[in-house]
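No lab work stands behind these numbers, since they all come straight from the coordinates. All figures in this text were calculated on a predicted structure; none of them were measured in a lab. Neighbour counts are summed over all protein chains in view; Cβ atoms, including those assigned to glycine, are modelled from backbone coordinates with ideal geometry.
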Amino acid sequence: MEEYLEATSYQCNKGFLRRAGSDILPTKSNIAKRGVVKEETCMLCCSERETVAHILWSCLLAHDAWSVSGRNFQKSLCEAMNFIDIIDYLFQHCSREDMDLFATTTRNIWNRHIFFLHGGPFHHPNYVAKEAALSVQQYWNVALTRENESRPTGEMAQVHWTPPPQNLFKENWDIAQCKEKQRIGIGIIIRDFKGLVCAALSQTIEIYTEVATAEAMGALRVIEFCKDIGIQEVIFEGDAEVVVKAINKHDSTLC
Ligand SMILES: [Zn+2]
């Protein structure tokens, strides 16, 4: 697991995988170890103990999601050992992009489980798999685009981006307005002090407004994104100077 966590920069998945791999997610089996409950049977399939590996991998209802996900995962479906063994096995047999898809899909399967426990609907496997695929695709699109943009090309080469100080993150964003379709697009990328992309987001908002307001809306989404993925030590960098100064000046009140 550590090899994958070291290799990937998809920050959204790291915390979740670390908890899953360390077997500390609040499954029935783990709760029973603390004496809180005695019943350990999975409430979804009613046939196996509800362990981390079971919920995320070997439960019949997890199989449903994996069966419409990447081909590599379908071939690998088997009675799971520990979840960390599954991560390590797949890391040896899958590409980086597939591993990001695997990590995002497991996170979605877990979120579906928790959502259902709290009275929400049980999302269809296609929804779980497609949402994960879209999320990873957006991440890689933004990461690769930014990588190409930052690559020097002869006399046109210009260096705009400078890394943040050690152990801090830098968040860059940009917005684009489309008057015809009455919407704005927001692209966000977060990099660490080594310049590695840690997270990215591409989103469309169905609203059209003046530039300053659109920039402010983009900034708000930027802050929400940071909070969503648990990053606090971050420097904000964007085109809207007034907005950026306001955020960086008051960053201590944001998290
Ligand atoms: Zn089950």
Exercise for the section: Could I have the simple spin-label model distance between E206 and C178, label points 7 Å from Cα toward Cβ, reported in nm to one decimal? Expected result: 1.3 nm
Problem - Stretchable slack from R34 to R18, in nm (0.36 nm times residue separation minus alpha-carbon distance) - result: 3.7 nm
Problem - Extension gain from L196 to I114, taking 0.36 nm per residue of separation minus the Cα-Cα distance - result: 26.4 nm
Fill in the blank from the handout: In this structure, among K14/K170; K14/K245; K194/K245; K194/K227, pairs with alpha-carbon gaps over 26 Å are K14/K245
Handout entry: About the Cα centre, charge dipole magnitude for the stretch 169-253 (Lys/Arg +1, Asp/Glu -1 at Cβ), debye
Key = 80 debye
Problem - Q166/T213 FRET efficiency (R0 41 Å; Cβ-Cβ; nearest 0.05) - result: 0.70
Handout entry: Loop GluC sites (Glu not before Pro), the stretch 9-57, which have at most 11 other Cβ atoms in a 10 Å radius of their Cβ (DSSP)
Key = E39
Practice task
Report the semi-axes of the equivalent ellipsoid for the stretch 2-136 in whole Å, largest first, where each axis is √(5λ) for an eigenvalue λ of the Cα gyration tensor.
Solution key: 23, 17, 14
